[in-house]
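Following: one structure in structure tokens, then a few remarks.
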Amino acid sequence: RPGGLLANATVTYADGSDVGRVRRLDGSDGAPSAAGTQSTGGGAKKIQLAAGYSQMDWMRLTKREPDMNGLRGGKRRKDITMTEVATHGTDADGWTVLRGKVYNLSPYLDFHPGGRKILTQALGKDCTALFDRYHRWVNGGYMLEKCKIGVLEGNVDSDEESSDDEGDDDFTFDQPSSSS
């Protein structure tokens, strides 16, 4: 049942080569698809997202797809320059910088609640000021974690663990001591 915008969507590796088709999110798991909104000074501009492109669909896709950043399973980079980011300014090969971290934005374009048009302004550039204008309260790093290519040269990636593991298995909550 191919159809809709995602029927032709692909994921592109950081080196520009094609990964292949992205599996369509058809809502068969019962999750709702919703329209997004974009906050503007004069009120909210509604953007109707196609079925299968809600933020919940995006979160499911990032759990299922192993290579949203295009690094083919390779290590994230620590030596990216703004000059290199500027060479990745197209919808099919679009990088952006948010708070010193570099993301492959191409897989996310059609999932953005404010529409793809505003995101294309950030391709090949630092989008921090644009992001903060509309979404200062949103954890963009979390939303785009699977799209992260690395960090700009000279920046420190506070998310990186010293080991190759993601560190999820080692995470624990300290239990408060109970008082009688």
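Just to check your reading of the model, which residue among Y103, Y134, Y108 is closer than 18 Å to L61 by Cα and part of a helix (DSSP H, G or I)? Give the derivation first.
Working: Y103 fails: part of a helix (DSSP H, G or I); Y134 fails: closer than 18 Å to L61 by Cα.
The match here is Y108.
Among (1) at pLDDT 95 or above; (2) part of a loop (DSSP other than H, G, I, E, B), where does T96 come up short?
(2)
Can you tell me how many residues in the range 111-131 are of a type outside the set (A, V, I, L, M, F, W, C) and part of a helix (DSSP H, G or I)? Write out each step before concluding.
Kept after step one, since they are of a type outside the set (A, V, I, L, M, F, W, C), are these residues of the range 111-131: 112-117, 120-121, 124-126, 128.
If we keep only those that are part of a helix (DSSP H, G or I) as well, we get 116-117, 120, 128.
So the answer is 4.
For the range 103-150, enumerate the residues that are open to solvent by less than 40 Å² (accessible area, probe 1.4 Å) and among the β-branched types (V, I, T).
If the condition is that a residue be open to solvent by less than 40 Å² (accessible area, probe 1.4 Å) and among the β-branched types (V, I, T), then I118, T128, I149 are the ones that fit.
The values are calculated or read from the model by the stated rules, or taken from the named source; none is laboratory data. These numbers come from a predicted model, not from an experiment. In case anyone asks, the SASA skips ligands and DNA or RNA and just uses the protein heavy atoms, side chains included. Shrake-Rupley method; radii C 1.70, N 1.55, O 1.52, S 1.80 Å.
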